[in-house]
Amino acid sequence: MNDKARDENSQPEMLEGAKSMGAGAATIASAGAAVGIGNVFSSLIHSVARNPSLAKQLFGYAILGFALTEAIASFAPMMAFLILSVFR
């Protein structure tokens, strides 16, 4: 009887722990997005250094790359909040 009562009490605690771990794992995508944005602008600097006459066109491509990378990064907090709020 004592073991059964302990198992029933630990179920909500395990679920809370799993939710926290899942939300933390979902936010790791922010680090990947930061690396991606760094790569975009690093490539922009290298490209403009090689061919300065294309700077305006390359800057447009860099902003597009930044926007797409940042869009992926916005999914990380969304998934974290989804994990924390849906699973009860």
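A few notes on this one:
- Dividing the helix sum by the residues of the chain, where each DSSP H run of 4 or more adds -39500 (n - 2.57), gives a mean residue ellipticity at 222 nm of -32000 deg cm²/dmol.
- The heavy atoms of F41 offer some 70 square angstrom of accessible surface to a 1.4 angstrom probe.
- Accessible surface of the chain [probe 1.4 Å, protein heavy atoms]: carbon and sulfur percent: 68 percent
- Per-residue SASA entry for L15, accessible area with 1.4 Å probe, Å² rounded to 10: 70 Å²
- Accessible surface, per residue, of the chain when the full set of protein chains is kept, probe 1.4 Å, Å²: 76 Å²
- Label corresponding to Kirkwood radius over Cα pairs in Å when calculated from the structure given, among (1) 15.2; (2) 13.8; (3) 16.0: (3)
- Cα-centre dipole for the chain with unit charges at Cβ (Lys and Arg positive, Asp and Glu negative), debye to 20: 460 debye
- Rounded to the nearest 10 Å², the accessible area of I72 at probe 1.4 Å: 110 Å²
The values are calculated or read from the model by the stated rules, or taken from the named source; none is laboratory data. As the structure is a computational prediction, the values presented were derived from the model and not from experiment. Positions of Cβ are generated from backbone atoms using ideal geometry, with glycine treated the same way; all protein chains shown enter the neighbour counts. Heavy atoms of the whole protein, side chains included, go into the accessibility calculation; ligands, DNA and RNA do not. Shrake-Rupley method; radii C 1.70, N 1.55, O 1.52, S 1.80 Å.
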